[in-house]
1. Counting helices only, and only those DSSP H runs with n ≥ 4, report the 222 nm mean residue ellipticity of the chain as the sum of -39,500 (n - 2.57) divided by its residues, in deg cm²/dmol to the nearest 500.
2. Need the C-alpha centroid separation for the stretch 177-207 versus the stretch 224-259, integer Å.
3. Sorted by accessible area with a 1.4 angstrom probe, largest first, how do Glu247, Glu43 fall?
4. Can you give me the distance in nm between label points at Ala6 and Met191, each placed 7 Å from the Cα along the Cα-to-Cβ direction?
5. What distance in nm separates the simple spin-label points at Ala214 and Lys328, each placed 7 Å from Cα in the Cβ direction?
6. Once you've got the GNM for the chain with C-alpha springs shorter than 10 Å, pick whichever of Leu53, Leu42, Leu100 has the biggest mean-square fluctuation.
7. Kindly count the pairs of lysines across the chain whose alpha carbons are less than 14 Å apart, treating pairs on different chains or eight or more residues apart as eligible.
8. Might you tell me the accessible area per residue for the chain, computed with a 1.4 Å probe and given in Å²?
Amino acid sequence: MSVTLADILAAQRVIRGQADMTPLVPSPFLTQRAGHEVLLKLEIAQPIGAFKLRGALNAVMALPKGTAGVTCCSTGNHGRGVAYSARLRGLRAVICMSELVPQAKIDGIRALGAEVLIHGRSQDEAQEAATRLVAEEGLVEIPPFDDPKVIAGQGIIGLELLEARPDLNSILVPLSGGGLAAGIAVAVKAMDPDIRVIGVSMDRGAAMHAALAAGHPVAVDEVASLADSLGGGLGTDNRHTFALCREFLDETVLVSEDDIRDAMQVLYYEDRMVAEGGAVVGIAALLTGKVTARGPVATVITGRNPDMKMFTRIVTGQDVALGDLVVKGKAYGA
Ligand SMILES: *Cc1c(COP(=O)(O)O)cnc(C)c1O
């Protein structure tokens, strides 16, 4: 396999003190609702507000001296991670994004000192811009998920979870390209194969879920979702995350846009936290009973960088229009 526990332990030493040791806190409300302990791994406490700093930093720190700069194609959080990591190493960063990315995410990346290049209407088209920068300007591309250094960096979350709570029954991981889920699963299965690692995605355009069902990566339509961080495909030549997820994930689960809305409200009103739709799919899986467990469950709250206008509408019970779909507003507790 392309990523092992040894790689994750090595990554832990590389990023120590910069992007690690996030809190694991109990959720009294979810614990009561689920009938077993529920713990939240707060990657929202990272300096960029999302876990993606771990993988990006591990990859950027591995680059040779004299590297011209870095680039990536990102729906937001990976771009923030690459921008922050490049600034730590004093490197130029150019972040490529599609027109569908919310303005707040673009502003956030510029504030971290990176250049933003907007190209096309899909992740694939933004990718073309990054590929061109590599060919024409000699920048090094840091992939958002399908890269051994990135996967190893995200996998440190698995080490921290088991160090804090070796008695976990299940770990629920928001799943898109699978760098996070693959990294966590490699770490956890190496230490305790009995702990379940379950990937959770939205039911519109869930690339890894569809690929696992088909037995190979398949093209999925990119559609707007409350979980915009979980959009996008696996890439036409996926080399690592598909194989690792197929080998090490116990299961994948899908949740609806309404489930995600409800989970954002629960995290906000009960646990008093702001998180994006993609970060709360594990909570949605628990609230809907799509995942049940016999013991303590941890879910990774992956990011706190939602478009705040959209977030405010969700928590105040207003409708949210997403492309061809309207997520109906619902007052919390109604
Ligand atoms: C990127 C991202 C994910 C999914 O990570 P993958 O490694 O692509 O599966 C989940 N949540 C948030 C907030 C993200 O930014």
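The values are calculated or read from the model by the stated rules, or taken from the named source; none is laboratory data. The model shown is predicted, which means the values in this text are computed figures rather than measured ones. For neighbour counting, all protein chains shown are included, and Cβ atoms are generated from backbone atoms with ideal geometry for every residue, glycine included. The area values use the complete protein model at the heavy-atom level, side chains included, leaving out ligands, DNA and RNA. Shrake-Rupley method; radii C 1.70, N 1.55, O 1.52, S 1.80 Å.
1. When only DSSP H runs of four or more count, the value is -12500 deg cm²/dmol.
2. Cα centroid to Cα centroid, the span is 9 Å.
3. Descending order: Glu247, Glu43.
4. 1.9
5. Once both label points are built, they end up 3.2 nm from each other.
6. Of Leu53, Leu42, Leu100, the most mobile in the Gaussian network model is Leu100.
7. Count of close lysine pairs: 4.
8. Heavy-atom SASA per residue in the chain reads 39 Å².
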